[in-house]
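Working notes for the structure below.
The values are calculated or read from the model by the stated rules, or taken from the named source; none is laboratory data. Quick caveat, the model's predicted, so the values are computed rather than measured. Note that we place each Cβ from the backbone using ideal geometry, even for glycine, and neighbour counts take in every protein chain shown. The accessibility values were calculated without ligands, DNA or RNA, using every heavy atom of the protein model including side chains. Shrake-Rupley method; radii C 1.70, N 1.55, O 1.52, S 1.80 Å.
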Amino acid sequence: EELRIMMVGDMLIHDRIIESGLKEDGSYNFDHLFTHVAGFIQEADIAIANQETIMGGPEFGYSGYPRFNSPYELGDAEVKAGFNVILHATNHTTDKGKEAVLNCMNYWDTKHPDIAYLGINKTQEEQDNNIYVFEQNGIKVAILNYTYGPNLETMPSSIRGHLDMLCDWDKETGRIDFTKLHPQVIDDIQRAEEIADVTLIFPHWGTEYTTTPSTYQEEFALQMAEAGADLIIGTHPHVVQPVKWVESENGKRALCFYSLGNYVSTQQGALSMLEAMAWVRFLVTEDGVEILEEKTGVLPMVCHYNSGPTRIEDIYLLEDYSQEKADSHGIRNNAGVKLEMEDLENWSQETFVQWIISAGEALENSVTE
């Protein structure tokens with residue numbers, strides 16, 4: 001028996017993406033963001049989206065960079081597309097303060113109570129004790145999500161207990177130590193190991209626009225693997241980073257996707273248009289659960305937006321993209337950057353090496369065949 005997990009990177013909802021969902025009657029619809037990945041979402045048991053930007057409610061006004069606030073309808077589109085786990089621990093979670101975070105949790109609880117949203121909590125007690133476990137056919141999967149911080153050097157008292165922190169911070173001064181893993185992360189993984197068969201960690205980490213993992217990413221991944229993490233999938237750098245097995249001295253190992261890059265954005269760097277869908281298949285046997293390496297990997301994708309008033313058009317699999325399409329990419333008029341298929345393919349190859357899989361390989365032996 002198999003367990004399938006798919007994940008896409010940052011939902012980085014810039015102004016032009018908000019506008020792309022605006023309807024004539026003033027309402028929003030974002031279904032168009034997920035047309036090309038819907039088939040993969042439906043084949044996955046666990047489909048995960050990294051909701052980079054808070055959905056804080058209309059009273060805060062919708063906004064893109066630098067302080068984001070996205071419409072609730074984005075969440076509706078994610079649910080409609082089939083995502084069942086939404087990650088909320090990012091450096092933009094608290095862009096509109098604590099009230100917006102509470103609004104966001106209230107939205108999920110009332111509108112989509114069956115969806116697991118992670119990384120944010122209502123209370124300190126919930127943060128201390130909350131380990132989300134997804135269960136299917138008797139297999140228990142613990143899923144944890146953390147961010148290095150909230151775009152500040154210190155933890156504001158208002159958001160303590162509300163945001164799951166990857167990095168340690170001083171309880172008195174609130175100062176964040178970005179070089180040190182928060183002890184709670186290790187505690188959580190160890191507790192997860194006791195109650196679940198598989199432990200998945202989703203850290204928001206690393207250095208923006210850097211295609212190689214930082215030493216802290218590597219150190220943190222090693223500590224997580226040692227504690228018992230089986231799979232680590234990272235976000236935040238806005239560009240893709242490699243996939244590697246992380247082996248700790250105690251013999252435990254985890255597969256680590258250091259960064260999937262963005263999923264949707266109107267960023268202006270060519271490299272930020274290349275992104276990854278993580279596709280992981282676990283084999284479940286009487287002896288336990290293990291990653292099926294030959295059926296696990298990355299599907300490279302391209303985020304495509306148009307010129308003019310920048311409209312997001314779609315997210316394509318790189319294998320379905322073309323130079324003709326690339327020539328019409330809005331990044332050219334927007335940032336004077338020419339997108340080349342050859343570059344996208346080379347970057348993809350250099351970063352993911354043997355981990356690239358095709359749509360056909362990902363979906364073979366799938367239930368719908």
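Some values worked out for this structure:
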item: In Å, descending, principal axis extents of the Cα set of region 103-163; result: 43, 24, 20
item: Trypsin sites (Lys or Arg not before Pro) within region 1-109, DSSP loop, no more than 10 other Cβ atoms inside 10 Å; result: LYS23
item: The chain - accessible surface per residue (Å², probe 1.4 Å); result: 40
item: At 0.890 mPa s and 25 °C, Stokes diffusion of region 1-101 via Kirkwood alpha-carbon radius, µm² per second; result: 175
item: Cβ-placed point charges (K, R +1; D, E -1), dipole of the chain about Cα centre in debye, nearest 20; result: 1040
item: MRE, 222 nm, helices only [DSSP H, n ≥ 4, -39500 (n - 2.57), over the chain, to nearest 500]; result: -7500 deg cm²/dmol
item: Region 301-369: trypsin sites (Lys or Arg not before Pro) in DSSP coil with no more than 14 other Cβ atoms inside 10 Å; result: LYS338
item: Computed lengthening from ASN250 to LYS122, 0.36 nm per intervening residue step minus Cα-Cα distance; result: 42.5 nm
item: Globularity ratio of the chain, using Cα Rg and 2.2 N^0.38 Å; result: 0.93
item: Gained length - GLU290 relative to ILE195, 0.36 nm times residue gap less alpha-carbon distance; result: 32.5 nm
item: Solvent exposure ordering (accessible area, 1.4 Å, most first) of TYR65, TYR258; result: TYR65, TYR258
item: Inter-label distance for ARG311 and GLU342, nm, one decimal - labels placed 7 Å from Cα along Cα-to-Cβ; result: 3.2
item: Distance (nanometres) between label positions extended 7 Å along Cα→Cβ at GLU350 and TYR209; result: 1.6
item: Protection proxy ranking, peptides 217-226, 127-136, average beta carbon neighbours within 10 Å, highest first; result: 217-226, 127-136
item: Top positive-direction residue, dipole computed over the chain with Cβ charges, set ILE143, TYR263, MET105; result: MET105
item: Neighbour cut-off at most 15 other Cβ (10 Å), DSSP loop, trypsin sites (Lys or Arg not before Pro), region 104-188; result: LYS122, ARG160, LYS171
